[in-house]
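Down below is the structure, laid out as structure tokens.
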Amino acid sequence: MSISQRVELRQGHGLVMTPQLQQSIKLLQLSNLELIDFVEDELRKNPLLEREDGAPPAEDGAPPAEDGAPPAEGAAPPAEESFDGEDGPYADPAFGAPAGRSPRGEFSDSIGGVEQTLSRSRTLREHLLEQLNTDIDEAADRVIGLHFIESLDEAGYIGTELDRIAERLGCDVARVEATLETLQRFDPPGIFARNLRECLTLQLKDQGRFDPAMAALIEHLDLLAESAFDRLQKLCDVDAEDLGQMVAEIRALNPKPGLAFETEVTQTIVPDVAVRQQSGHVWLVELNSETLPRVLVDNRYYARVRMDAKTKEDRDYITNCYHTANWLVKALDQRARTILKVARELVRQQNAFLSHGVQHLKPLILRDIAEAIEMHESTVSRVIANKYMITPRGTYELKYFFSASIGSLDGGAAHSAESVRHRIKQLIQDEKTESPLSDDRIAELLNESDIGIARRTVAKYREAMRIPSSVERRRIKRRAAKAEAFASRSPA
């Protein structure tokens with residue numbers, strides 16, 4: 001075999017991530033407050049950038065850019081758009097390149113260093129949101145639960161009346177009350193209480209200690225504060241020893257369960273997008289123009305400095321600053337347009353929720369929005385990160401409108417992941433003790449109900465709900481049956 005050298009020319013396709021492209025992607029997923037910090041840093045570094053508020057208007061007679069530099073430009077407003085179709089009328093106004101946030105809640109996805117993320121303790125809000133997404137299946141009930149979480153005070157008590165939440169979300173108070181009952185079974189015990197009595201009651205129920213005597217004691221906490229033990233003995237129908245034990249149990253409870261978690265530094269959320277209804281049921285979708293930075297390129301200063309530059313290094317430096325400044329103006333404008341485009345489609349898709357209430361929430365995945373606006377799913381994913389939308393129904397993180405959905409075998413509407421998890425849980429609860437359903441069988445039953453789902457997906461959802469496999473469930477039920485049989489044979 002002979003060994004030789006030769007020169008070959010090969011052609012291939014590849015994506016080159018230029019520094020400016022990487023920066024554009026970074027800008028897209030920043031929140032408005034993080035974007036302000038980024039722009040402030042650019043203003044300090046680049047002498048050709050200035051804030052629009054304090055900038056003089058560009059003159060028509062400004063000298064042309066040299067070395068092919070593009071002319072300076074600001075954030076051009078997009079044209080107005082409106083439509084009126086099955087999903088309801090809609091319109092959006094002209095805007096600049098800014099945006100902002102409005103009152104409610106706090107940030108949960110703020111960008112920080114890895115060390116900060118790893119060392120930070122879990123907050124109460126994070127702890128409850130995790131349980132909300134796992135334990136509540138219906139999207140509508142999750143939205144109700146989100147409002148309850150946002151209404152909690154530092155101690156873990158509800159700060160909003162139930163009828164107000166029902167009115168805002170357009171649903172029955174009964175549904176709000178039912179959701180609250182579910183939330184009150186969350187960890188830590190006592191959370192989502194409306195007063196001290198309810199907080200202590202929830203903790204006693206969690207311990208299996210809420211009997212009639214304890215209920216009477218909780219009902220008369222004022223007498224306990226006055227140390228009126230004789231009256232409490234009569235009201236609770238117990239002797240002095242039992243009352244002493246009951247009082248000790250009460251004092252061992254936590255009257256402020258929310259304080260067991262790291263206290264969050266409350267940061268006002270100012271939404272990036274505002275949605276409001278105008279006359280004729282037209283939805284107005286606009287970027288919040290209060291906090292997004294507006295920057296301009298100082299053409300006159302660039303021309304003067306460029307003309308006075310004595311060395312090549314000086315000319316290269318000022319030209320580079322000019323290119324960078326123009327890129328930033330364009331990038332801010334493109335970011336604003338992209339966010340607004342995604343927000344428009346979200347409003348169109350969720351028109352029924354905005355118009356009629358929480359029970360009309362539509363299951364969405366990133367592909368639904370990406371295909372409608374002809375963007376890549378990764379772009380939509382970056383847009384919805386750390387962005388908030390204020391609506392007549394409340395303020396929501398954009399990503400909260402998305403959930404996985406399961407296709408329908410008959411070509412009908414998709415099923416939300418929450419509803420499918422609920423079906424899986426229901427099937428397992430109704431299964432026969434002697435023959436628990438396998439993941440394969442559950443998938444078959446769901447397919448028979450026109451829910452297209454694979455066995456692996458069933459297993460993933462089951463594990464997320466912390467439900468054992470069919471083999472483990474059979475063992476657990478057999479052990480329980482044996483224990484029950486043994487107890488029935490034992491003498492009283």
> Mind listing which GluC sites (Glu not before Pro) in segment 206-307 are in a DSSP loop and have 16 or fewer other Cβ atoms within 10 Å?
Replying inline: GLU226, GLU264, GLU290
> Label GLU52 and THR433 with points 7 Å out from Cα along Cα→Cβ: what is the distance between them in nm?
Replying inline: 7.1
> So if we plug the beta-carbon distance of ARG466 and ALA385 into 1/(1 + (r/R0)^6) with R0 = 30 Å, what FRET efficiency do we get, rounded to 0.05?
Replying inline: 0.60
> Mind checking which lysines have their C-alpha under 18 Å from LYS482, skipping anything on the same chain fewer than 8 residues away?
Replying inline: LYS432
> At GLU290 and HIS360, where each label point lies 7 Å from the Cα along Cα→Cβ, what is the point-to-point distance in nanometres?
Replying inline: 2.8
>> Taking amide H atoms as placed 1.01 Å from N in the peptide plane, list the residues 5 or more away in sequence, or in a different chain, whose amide H sits under 5 Å from that of LEU152.
In response: GLY159
>> Past 27 Å, Cα to Cα: identify those pairs from LYS387/LYS425; LYS26/LYS312; LYS205/LYS477, in the order given.
In response: LYS387/LYS425; LYS26/LYS312
>> At R0 = 56 Å, how high is the FRET efficiency between SER279 and ASP316 if r is their beta carbon distance? Nearest 0.05 is fine.
In response: 0.50
> Given a Förster distance of 30 angstrom, what is the FRET efficiency for GLU126 paired with LEU43, based on the Cβ-Cβ distance and rounded to 0.05?
Replying inline: 0.35
>> Heavy atoms of the protein only, probe of 1.4 Å, neighbouring chains included. What is the accessible area of SER227 in Å², nearest 10?
In response: 70
> Round to a whole number: what % of the accessible area of segment 138-292 belongs to carbon and sulfur, probe 1.4 Å?
Replying inline: 45
> Taking the mean number of other Cβ atoms within 10 Å as a proxy for protection, how do you rank 196-202, 455-461 from highest to lowest?
Replying inline: 196-202, 455-461
> By how many nm would the segment from SER378 to ARG10 lengthen if fully extended, with 0.36 nm per residue of separation less the alpha-carbon distance?
Replying inline: 129.5 nm
> Roughly how many nanometres apart are two label points built 7 Å out from the Cα toward the Cβ at ARG168 and GLN22?
Replying inline: 4.2
> Non-local amide H neighbours of TYR388 (under 5 Å, H modeled in plane, Pro and chain starts lacking H): which ones?
Replying inline: ASP272, VAL273, LEU398
> Which lysines have a Cα less than 18 Å from the Cα of LYS362, not counting those fewer than 8 places away in the same chain?
Replying inline: LYS399
>> I'd like the accessible area for HIS376, computed on protein heavy atoms only with a 1.4 Å probe and all protein chains in place. Round to 10 Å², please.
In response: 120
> With every protein chain left in place, what is the accessible area of GLU150 in Å² (1.4 Å probe, nearest 10)?
Replying inline: 40
> If you stretched the chain out fully between ASN254 and GLU150, how much longer would it get, using 0.36 nm times the residue separation minus the C-alpha to C-alpha distance?
Replying inline: 35.3 nm
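The values are calculated or read from the model by the stated rules, or taken from the named source; none is laboratory data. Quick caveat: nothing in here was measured; it's all calculated off a predicted structure. Neighbour counts are summed over all protein chains in view; Cβ atoms, including those assigned to glycine, are modelled from backbone coordinates with ideal geometry. The area values use the complete protein model at the heavy-atom level, side chains included, leaving out ligands, DNA and RNA. Shrake-Rupley method; radii C 1.70, N 1.55, O 1.52, S 1.80 Å.
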